[in-house]
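The values are calculated or read from the model by the stated rules, or taken from the named source; none is laboratory data. Here the structure is a predicted model, which means the values were calculated and not measured. For neighbour counting, all protein chains shown are included, and Cβ atoms are generated from backbone atoms with ideal geometry for every residue, glycine included. For the accessible areas, the whole protein counts, side chains as well, though only heavy atoms, and no ligand, DNA or RNA atoms are used. Shrake-Rupley method; radii C 1.70, N 1.55, O 1.52, S 1.80 Å.
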Amino acid sequence: MTLYNQTIAELHKKLVAREVSSEEITRDVLERVKDVEQELKAYLTLTEEAALAAARTVDAKIAAGEKIGPLAGIPVAVKDVMSTKGVRTTCASKILENYVPVYTATAVKKLLGDGAVMIGKTNMDEFAMGSSTENSGFNPTMNPWDIERVPGGSSGGSAAAVAAGEAIYALGSDTGGSIRQPAALCGVVGMKPTYGLVSRYGLVAFASSLDQIGPFTKDVTDCAIVLKALVGHDPADSTSLEYEAEEYVEALQRDVKGMRFGVPKEFMEEGVEPGVKQRFEEAIELFAKLGVEVDETTLPHVDYALSAYYIIAPAEASSNLARFDGVRYGLRVEGEDMIDTYMKTRAAGFGDEVKRRIMLGTYALSAGYYEAYYGQAQKVRTLVAQDFEEAFKKFDGIISPTSPTVAFKIGEKVADPLAMYLSDIFTIPVNLGGFPGISVPCGLSDGLPVGLQIIGPTFGEGIILNAAYAFEQALGFKERPSL
Amino acid sequence: MEYEAVIGLEIHVELLTESKMFCDSTTRFGEEPNTQVCPVCLGMPGTLPVINKKAIEQTVKTGLALNCDIALFSQFHRKNYFYPDMPKNYQISQYDLPLASGGYVEVEMEEEGYTTTVGITRVHLEEDTGKLVHVGGAGRIAGAEYSLVDFNRAGVPLMEIVTEPDMRIPVEAKAFAQKLRAIIQSLGVSDVSMEKGSMRLDVNCSVRPKGVEEFGVKTEIKNLNSFRSLERGLAYEIKRQIEAVEAGEEIVQETRHWDETTGRTSTLRTKEYAHDYRYFPDPDLVPMELDPAWIEEITSTLPELPDERRRRFMEEYGLPSHDATLLTATKASADFYEEAVSLGANAKNVSNWMIVELASYLNAENLEIDECAVTPRHIAELVKMIDAGTISGKIAKDIFGEMFETGKLPSIIVEERGLIQISDESEIAAIVEAVIEENPKSVEDYRGGKQQALGFLVGQVMRLTKGRANPALVNKLLKEKLS
Ligand SMILES: [Zn+2]
């Protein structure tokens with residue numbers, strides 16, 4: 001029986017029924033990792049022994065007749081941007097190549113506390129800056145649907161791992177689309193929750209006001225299960241919200257008939273690939289069959305979202321990444337004096353994209369430029385958020401393709417950062433407003449997955465999970481990568 | 001031409017909270033290096049700050065005591081610059097929305113006979129940095145063989161108080177700083193010790209021709225580690241600036257370093273090296289919205305402040321303004337005074353002995369009132385013995401040194417040395433007669449109208465009684481016998 005390609009819900013049932021042990025599941029997943037990892041390179045660090053130990057602990061509990069939670073004994077992959085005590089956490093950067101944290105991120109701690117079995121830490125764009133995982137300081141990750149193509153990014157390792165069965169589910173982080181876009185490109189479900197719903201404590205910050213942790217799963221049901229485990233106020237994160245989360249799994253069963261979704265006309269004017277556009281139009285038709293009304297809407301300021309994002313995110317990043325200086329941890333390249341050591345360390349430790357964004361952000365915050373750049377970008381951010389709020393008065397949610405293209409060839413956009421940035425054009429505005437968004441598979445285009453994005457209002461996770469589930473059931477998308 | 005100086009102060013005060021500003025590490029002083037730390041105050045990747053409410057309360061208290069407006073909405077910003085004593089390479093501080101602003105302090109210039117008002121521009125809160133120890137070189141970072149860093153102080157709440165440029169002479173700056181210290185002492189929010197570095201002074205100073213409204217170019221003076229160096233450093237700097245202006249030189253805007261041993265200031269860095277701190281709101285912290293009811297509550301529980309105490313000393317103890325000002329200059333001295341009076345000693349006499357005799361001993365030994373062997377009980381006993389005629393004021397002065405040195409009670413010293421005053425009329429009369437007998441010349445002079453001859457005869461009686469004779473009685477008896 002192959003286990004690695006099953007869902008959390010299926011495996012949980014089997015665990016409880018004692019048809020299979022967590023150790024068997026874990027070994028099966030680890031076996032799968034051995035089979036495909038050479039081609040995919042989804043992981044940066046594997047924690048095989050700790051995984052098996054955790055699995056045995058859960059098995060012992062089951063054997064003792066203890067009740068287990070839905071995630072107990074299920075293998076998970078964690079994006080290497082979340083702090084894990086005793087397990088090196090690199091953020092896919094040379095500057096943290098040998099950094100081993102002394103504490104564990106709240107989100108990861110919650111899962112481990114629920115008996116999750118961590119398989120390892122996944123590859124990503126360095127410090128989550130990128131849309132293809134090619135900016136990893138170590139190596140790119142390949143897309144399981146076509147290993148000549150990127151898995152998307154920045155959480156490409158997590159997306160590829162789930163798509164290829166190298167983990168049953170995974171955690172990623174999403175600052176401008178870093179969960180939803182790779183989920184779309186790898187044909188899995190990925191969700192960015194409302195900003196503040198999941199604790200950021202222990203998530204190495206890229207852009208603090210935009211970053212949010214979320215799940216990659218094989219289907220929407222699993223997404224609801226993992227989300228429920230992740231949410232909750234964390235006193236260690238001042239931006240985490242006090243909110244009584246609903247039962248997301250129950251929300252899936254609600255009737256979607258009568259729901260209304262808007263399609264921003266601005267999005268459809270963008271350069272959406274014909275294949276992607278076609279799948280999206282079919283999705284709208286499918287929604288109509290489900291009794292969901294889909295109408296055109298407008299987000300008047302959304303055209304400026306990308307520009308605002310590329311001011312705000314680098315500005316915050318330039319400050320967040322200042323701590324990597326070779327003084328306390330990570331890489332140190334000795335120089336002539338203190339300043340020289342700083343410069344040599346950072347020159348050697350950071351990759352080009354990280355340096356580019358630090359420079360952009362430093363410039364945007366500089367005296368004399370602050371108002372023109374950062375100040376202006378914050379105003380745009382407010383306007384974009386208001387556009388969404390306005391739309392949510394008429395619609396339960398907003399839908400769009402997750403990304404304008406399917407997975408592109410490795411190396412195709414590396415030389416053109418602006419083309420790469422456009423990959424997140426539909427996901428970035430959502431982060432600016434702090435809204436939840438989910439990407440759910442909506443078919444293939446030329447054999448490559450296309451994602452449908454459903455965006456909800458603040459705390460609208462139940463709504464978008466509900467709609468995504470109904471869509472998933474109606475579409476019946478069952479394809480898996482051939483790898 | 002006559003010149004005047006324009007002086008403004010920036011005072012940093014470390015607050016006395018149990019835990020640090022943004023984490024729960026303890027603030028204990030003098031512990032082994034890097035033991036009062038945690039992932040947050042070490043700036044480990046992924047950690048987040050959480051505001052210490054106690055520090056906010058203490059800053060609000062200080063703001064209220066300095067007659068400031070308390071901001072119902074305020075914010076923390078990041079101040080970005082690289083230095084190895086800063087774990088994050090940015091300091092969380094306040095920028096355009098400080099907790100308190102627009103206050104004032106009234107400063108009594110007792111010796112000079114006037115009261116001046118010093119405006120308080122703002123009071124804000126930030127985190128302290130760590131401490132660097134440079135090994136080799138001249139103990140400075142340039143030329144050091146290597147440097148060590150201790151993060152125990154990193155993250156301790158640091159309150160910054162900025163004044164308006166309202167002071168004109170060094171002694172005003174000193175009097176203001178002392179008054180500020182007394183206010184903070186009375187609030188109990190800091191131990192405001194210049195020695196331990198929990199109170200640090202930076203001074204801005206410029207000169208201009210008297211009558212001119214425009215400010216001259218200012219310099220900032222650092223390393224003023226005592227009230228004495230504040231006064232000396234300012235006096236030097238003012239003189240230097242006036243001489244430069246008179247010589248037709250331009251004052252350069254710069255930071256200057258005060259050297260206590262040479263008594264001079266010298267250039268530390270010029271304006272060209274000024275940092276661009278790239279302030280921006282810390283996205284890890286939400287803006288603070290203070291509840292007016294909470295501020296009301298803090299206001300109602302403010303302790304008696306030095307000004308009120310000074311007024312009460314004048315009313316309750318009938319002290320002149322001069323005495324009341326000196327006694328309330330520090331909380332310790334005011335507490336000392338009230339305790340001595342409460343032991344039944346005459347209020348005005350206790351004041352005299354404190355501000356004359358005790359003050360000169362403390363000055364000579366460079367001690368604070370709560371650091372010496374003399375307690376309120378000593379002074380109370382001494383005053384009561386004088387007032388009861390047990391010892392003369394002269395004897396009291398004689399034994400003060402021993403009391404100060406050994407901490408022995410005055411009654412013990414008097415008994416050990418047999419210094420009890422002779423107030424027995426017959427005993428003194430016998431000595432008076434003997435003196436008259438032995439000094440016929442002086443007796444004749446006195447009778448001939450030379451008043452000073454009486455002084456000589458009194459002196460002879462005192463000599464024979466080793467100063468123990470009651471001087472009033474001696475006077476009275478001599479006059480009687482000679483008339
Ligand atoms: Zn700490």
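Note on chain B: percent of Cα-Cα distances in each 20 Å bin, starting at 0 and stopping at the bin with the largest distance, equals 19, 43, 25, 11, 2. Placing dummy labels 7 Å off each Cα toward the beta-carbon, the span from A:GLU244 to A:MET359 is 5.3 nm.
Which entries of A:LYS94/B:LYS88; A:LYS192/A:LYS218; A:LYS61/A:LYS109; B:LYS441/B:LYS479; A:LYS265/A:LYS413 have Cα-Cα distances beyond 23 Å here?
Values: A:LYS94/B:LYS88 19 Å; A:LYS192/A:LYS218 15 Å; A:LYS61/A:LYS109 19 Å; B:LYS441/B:LYS479 16 Å; A:LYS265/A:LYS413 26 Å.
From the list (A:LYS94/B:LYS88; A:LYS192/A:LYS218; A:LYS61/A:LYS109; B:LYS441/B:LYS479; A:LYS265/A:LYS413), the Cα-Cα distance tops 23 Å for A:LYS265/A:LYS413.
Of all aspartates and glutamates in the structure, the ones whose alpha carbon falls short of 14 Å from that of A:LYS409, not counting any fewer than 8 places away in one chain, are A:GLU134, A:ASP146, A:GLU148, A:ASP446. Highest mean packing comes first when the peptides A:470-483, A:79-92 are listed by Cβ atoms within 10 Å, giving A:79-92, A:470-483.
Extending 7 Å from Cα along the Cβ direction at A:ILE339 and again at B:ASN366 yields two label points whose distance is 3.7 nm. When B:VAL40, A:VAL188, B:VAL245 are compared by accessible area at a 1.4 angstrom probe, the order from most to least is B:VAL245, B:VAL40, A:VAL188. Evaluated with a Cβ-only charge set (Lys, Arg +1; Asp, Glu -1), the protein assembly as shown carries a dipole of roughly 1020 debye about its Cα centre, given to the nearest 20.
Within the straight-line cut-off of under 24 Å between alpha carbons, the lysines reachable from B:LYS222 are B:LYS79, B:LYS131, B:LYS174, B:LYS179, B:LYS196, B:LYS239, B:LYS271, sequence neighbours fewer than 8 places apart in one chain being disregarded. Taking every lysine pair in the range B:312-417 that is 8 or more places apart or spans two chains, those with Cα atoms closer than 21 Å amount to 9.
Ordering A:GLN376, B:MET109, A:ASN123 by the projection of their Cα atoms onto the charge dipole of the protein assembly as shown, which places +1 on the Cβ of Lys and Arg and -1 on the Cβ of Asp and Glu, puts A:ASN123 at the extreme positive end. The residues packed around B:LEU224, meaning those with a beta-carbon under 14 Å from its beta-carbon, carry a net charge of 0 if Lys and Arg are +1 and Asp and Glu are -1. Extending 7 Å from Cα along the Cβ direction at B:ASP24 and again at B:GLN451 yields two label points whose distance is 7.8 nm.
Nothing charged except the Cβ atoms of Lys and Arg (+1) and of Asp and Glu (-1): what's the magnitude of the dipole of the range B:425-482 about its Cα centre? Round to the nearest 20 debye. Provide the component values of the computation, followed by the final result.
Working: 9 positive and 8 negative charges, 48 e Å.
Here the size comes out at about 220 debye.
The Rg/Rh ratio for the protein assembly as shown, using Cα coordinates for both the radius of gyration and the Kirkwood hydrodynamic radius, is 1.16.
FRET efficiency for A:ALA372 and A:GLU48, Cβ-Cβ distance as r, R0 = 41 Å, nearest 0.05? Before the final figure, lay out the partial values.
Working: r = 52 Å, r/R0 = 1.26.
About 0.20, to the nearest 0.05.
In this structure B:LYS476 has an accessible area near 90 Å², from a 1.4 Å probe over the protein heavy atoms.
By the gyration tensor of its Cα atoms, with a ≥ b ≥ c the square roots of the eigenvalues, what is the shape of the range B:312-417: rounded for a/c under 1.5, prolate for a/b over b/c, or oblate?
Numbers: a/c = 1.95, a/b = 1.31, b/c = 1.49.
It is oblate, given that a/c is not under 1.5 and a/b is not larger than b/c.
Phi angles across the range A:124-136 convert, under the Karplus curve 6.51 cos²θ - 1.76 cosθ + 1.60 with θ = phi - 60°, into 3J(HN,Hα) values of 6, 6, 3, 6, 6, 9, x, 10, 9, 6, 6, 7, 4 Hz, Gly and Pro given as x. Within the shell defined by Cβ-Cβ distances under 12 Å, the residues around A:ARG279 carry a net charge of -4, with Lys and Arg each +1 and Asp and Glu each -1. Rounded to the nearest Hz, the phi-derived 3J(HN,Hα) couplings of the range A:301-314 under the Karplus curve 6.51 cos²θ - 1.76 cosθ + 1.60 (θ = phi - 60°) are 9, 5, 4, 8, 4, 4, 4, 4, 4, 7, 9, 5, 4, x, where x marks glycine and proline.
Given a Förster distance of 22 Å, report the FRET efficiency between B:GLN178 and B:LYS408 from their Cβ-Cβ distance, rounded to the nearest 0.05. In this case the efficiency is close to 0.10. Overall, the range B:3-297 carries a charge dipole of about 660 debye about its Cα centre when +1 sits on the Cβ of Lys and Arg and -1 on the Cβ of Asp and Glu, all other atoms neutral. A straight chain from B:THR117 to B:GLU297 at 0.36 nm per residue would run longer than the Cα-Cα distance by 62.1 nm. Positive end of the dipole of chain A, charges at C-beta (+1 Lys, Arg; -1 Asp, Glu), about the Cα centre: which of A:LEU197, A:GLY476, A:ILE68 has its Cα farthest in that direction? So the residue we want is A:ILE68.
In order along the range A:174-185, the phi-based Karplus estimate (6.51 cos²θ - 1.76 cosθ + 1.60, θ = phi - 60°) of 3J(HN,Hα) comes to 10, 9, x, x, 5, 9, 5, 5, x, 4, 4, 6 Hz; Gly and Pro are listed as x. Counting Lys and Arg as +1 and Asp and Glu as -1, what is the net charge of the other residues whose Cβ lies under 13 Å from the Cβ of B:THR301? Around B:THR301, the charge tally is -3. Paramagnetic label reach from B:LEU132 (point 7 Å along Cα→Cβ; backbone nitrogen cut-off under 20 Å): within the range B:88-108, residues B:88-93. Take each residue in A:332-338, count the other chain C-beta atoms within 10 Å of its C-beta, and the mean is 2. Peptide B:146-152 shows a mean partner chain C-beta count of 1 within 10 Å per residue C-beta. Computing FRET efficiency as 1/(1 + (r/R0)^6) for B:GLU315 and B:ILE420, where r is the C-beta to C-beta distance and R0 is 35 Å, gives about 0.45. For the range B:198-262, applying the loop criterion from DSSP together with a ceiling of 15 other beta carbons within 10 Å to the chymotrypsin sites (Phe, Trp or Tyr not before Pro) yields B:PHE215.
Provide a whole-number value for the mean count of partner chain Cβ atoms within 10 Å of the Cβ atoms in peptide B:279-288. List each step's numbers first, then the result.
Working: counts 3, 12, 4, 5, 12, 10, 3, 4, 0, 0.
Taking all residues of B:279-288 together, the mean is 5.
Distances between placed amide hydrogens fall under 5 Å for A:SER178 paired with A:SER154, all partners being 5 or more residues away or on another chain. Using the charge dipole of the protein assembly as shown (Lys, Arg: +1 at Cβ; Asp, Glu: -1 at Cβ; taken about the Cα centre), state which of B:GLY389, A:MET142, A:ILE455 has its Cα farthest towards the positive end. Value computed over the given set: A:MET142. Do any GluC sites (Glu not before Pro) in the range B:24-108 lie in a DSSP loop with no more than 16 other beta carbon atoms within 10 Å, and if so, which? Taking the range B:24-108 and a limit of 16 other Cβ atoms within 10 Å, the loop GluC sites (Glu not before Pro) found are B:GLU31. The solvent-accessible area of A:LEU44, taken with every protein chain present and a 1.4 Å probe, is close to 30 Å².
So which GluC sites (Glu not before Pro) in the range B:278-382 are both in a DSSP loop and have at most 16 other Cβ atoms within 10 Å of their Cβ? Sites meeting the loop and neighbour criteria: B:GLU304, B:GLU368.
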